[in-house]
Amino acid sequence: MLYCRIIWIYIERLCQVIKKAKIFGILLSDLDYNSLLQLTVESISQKKKVAIGYCTAHILNLAYNNNSLKTLLNSFEYLHPDGIGTFIALKILCGKKSIKAKITGSDFYPILIREAIKNNWSFYFFGDSNDVLNCINFNFPMLNIVGIKSGFNFDDKEIILDINKKDVNILIVGLGTPLQEEWVVKNKNFLFVNVIFTVGDGIKIFAGTKQRGPIIVQRLGLEWLVRLISNPVKMWKRYLIGIPQFLLRVILNKFRIIKQ
C-alpha cells in the first residue's frame, strides 16, 4: 500500500500544471515563494534549463501597447507577478481564477540565497555596475559566486563564453526592462545554465544596497513610496503618473470598455 501511495504521489506531481492568469495579454504564473524555490530545485537537480521572469505594475504599463514586449514576456517559461499592484489588478480582473499569493522578488531572493548556500549552488550575476556587483560577495560571503559582469558596455559573445565555462547553476540578469527580457530570449538557447532569473534592480537586494523601508511599509505594499522619496527625479513619472494610469487601465478592462 505504501509503495502504491508513493507512485500515486509521483504521478500527481508529474501531472501538476502551474495555473496562469492573463492580464493585458500577458500570462502570469500562479507561483508563491515555495513553488518558485521548487522550480529552482527541480531545474538544478534534473539539469534542465528554465527562464523565470517577473511582472510589476510598471512592466505591465510598459507592455500595455507594446506587442513586442508582450511577446518577450510570454516567451519565458514562468512569469511571476511582482508586487501589490499586480496582485490587486489580477484579483479585480480574474476573480477566483486569479493568483493566490502576493509575492515580490525582493522577498524571494533572500529565500533563494539561503537555499543556495545550503546546497552550494553556483551563481553568475550580470547587470548593474561593478560597484554594486562587488558588494554581493561582501554581503553574502558564503554564496558560491563564479562570475560577475557589469550591465554596461558588454559584448554578448564574451559574456556567453564566460558563463558557459564556469558551470553556472543560477544566472541572475539585472538589466532592466525590456533589455533584460530581450537578452534572455535572444541568448537562452546558447547558455549552459539551469535557471535564469531576470531581476531588474533587484540585483541590489543581493548586494544589500537597495532601500526597502521598514517592514510595515513592505507589508503594506508601499515600497514604491520609499523609492519615490529617495529618488523623485527618476521615479516621479513611474509612480505619480504610472500608478493612476495602471489603475485606470485595469478598470477599463474590467468593464470591457477596452480589451487587451
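All of 87, 76 fail the test of being over 16 Å from residue 208 (Cα atoms) and assigned to a loop (DSSP other than H, G, I, E, B), apart from 76. Cβ-Cβ contacts under 6 Å between residues 6 or more apart (or on different chains), taken from a first residue in the range 26-43 that is free of Cβ contacts under 8 Å to residues at least 40 places away in the same chain to a second residue that is surrounded by 21 or more Cβ atoms within 10 Å (Cβ to Cβ), are absent. Might you check whether a residue that is outside any helix (DSSP H, G or I) and at pLDDT 95 or above occurs anywhere in the range 107-120? Yes: the range 107-120 contains one or more residues that are outside any helix (DSSP H, G or I) and at pLDDT 95 or above.
The values are calculated or read from the model by the stated rules, or taken from the named source; none is laboratory data. Given the structure is predicted, the values throughout are model-derived calculations rather than measurements. With ideal geometry, Cβ positions are generated from the backbone for all residues, glycine too; neighbour counts draw on all protein chains shown.
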